[in-house]
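J.: Would you mind keeping the following structure in view while I ask a few things?
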Amino acid sequence: DYEEDVPAEQPSSPHEARFPSAHAHPRRPRADQPPSRQGPQVPLRLIAREVERLKNHREFVAVLKRRRRVSDADIVLHYVVRTPSTPTGAAPARRLGLAVSKSVGNAVVRNTVKRRFRVLAHRYEHELPADCDIVLRAKPGAAHASFQSLEAQIQALFRAVMRKSEQS
């Protein structure tokens, strides 16, 4: 019979039957790593955020009503330097709002511009007064501006705000 010739046990191999790590799937965890935890996990915060956000319409309008602004080729910066008499209900902090309208581009372009503004605002926040609210408004040209161009503009605008707030 045919079944009599087939052994029931598999012979043990002298070498491992797995792929070497160079050929392993890049997203599959290696065997020596512990399995991932189940359930929600605390997100990693690689960059400490010191610039708070303007969160609601009332806060945006309060900044825009003051009509204090500086502008450059692709950005208009509206600002308010808060005084101790200005009620905020919180400790002194810089707060940032972003206004990127549909005239700048589609959703992908607008989100790219907002991401660039957030990075640059964080990078140059030390050049703003300590107790300041700002709204960065993108002009349509911001969509096509290079990162270096936006960086130079934001740095110049933040310095102008500092200079004007010291004069007041």
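The values are calculated or read from the model by the stated rules, or taken from the named source; none is laboratory data. Every value quoted in this text rests on a predicted model; they were computed, and no experiment measured them. As a convention, Cβ positions derive from the backbone with ideal geometry for all residues, glycine included, and neighbour counts pool all protein chains shown. Ligands, DNA and RNA are stripped out before the accessible areas are found, and what is left, the full protein with its side chains, is counted by its heavy atoms. Shrake-Rupley method; radii C 1.70, N 1.55, O 1.52, S 1.80 Å.
J.: Restricting attention to segment 117-135, and to residues there that are aliphatic (A, V, I, L, M) and under 17 Å from the mean Cα position of the chain (by Cα), which single residue is most open to solvent (accessible area, probe 1.4 Å)?
T.: Per the stated criteria, the residue is Val119.
J.: Can you report the number of residues in segment 128-157 which are part of a helix (DSSP H, G or I), hydrophobic (A, V, I, L, M, F, W, C) and touching a residue at least 40 places away in the same chain (Cβ under 8 Å)?
T.: Total meeting the criteria: 5.
J.: Leu64 versus (1) open to solvent by 50 Å² or more (accessible area, probe 1.4 Å); (2) aliphatic (A, V, I, L, M); (3) modelled with pLDDT of 95 or more: which is the lone unmet condition?
T.: Checking Leu64 against (1) open to solvent by 50 Å² or more (accessible area, probe 1.4 Å); (2) aliphatic (A, V, I, L, M); (3) modelled with pLDDT of 95 or more, the one that fails is (3).
J.: Moving on to the next point. Quick check on Val108: is it in contact (Cβ under 8 Å) with a residue 24 or more places away in the chain and not aromatic (Phe, Trp, Tyr)?
T.: No.
J.: Here are some residues: Val104, Val113, Val161. Which one is touching a strand residue (DSSP E or B) at 6+ places or on another chain (Cβ under 6 Å), of a type in the set (Val, Ile, Thr) and in a loop (DSSP other than H, G, I, E, B)?
T.: After ruling out the rest, the residue left standing is Val104.
J.: Among Ala145, Ala99, which is of a type in the set (Gly, Ala, Ser), open to solvent by less than 60 Å² (accessible area, probe 1.4 Å) and closer than 16 Å to Arg69 by Cβ? Give the derivation first.
T.: On the way: Ala145 fails: closer than 16 Å to Arg69 by Cβ.
Only one candidate passes the filter, namely Ala99.
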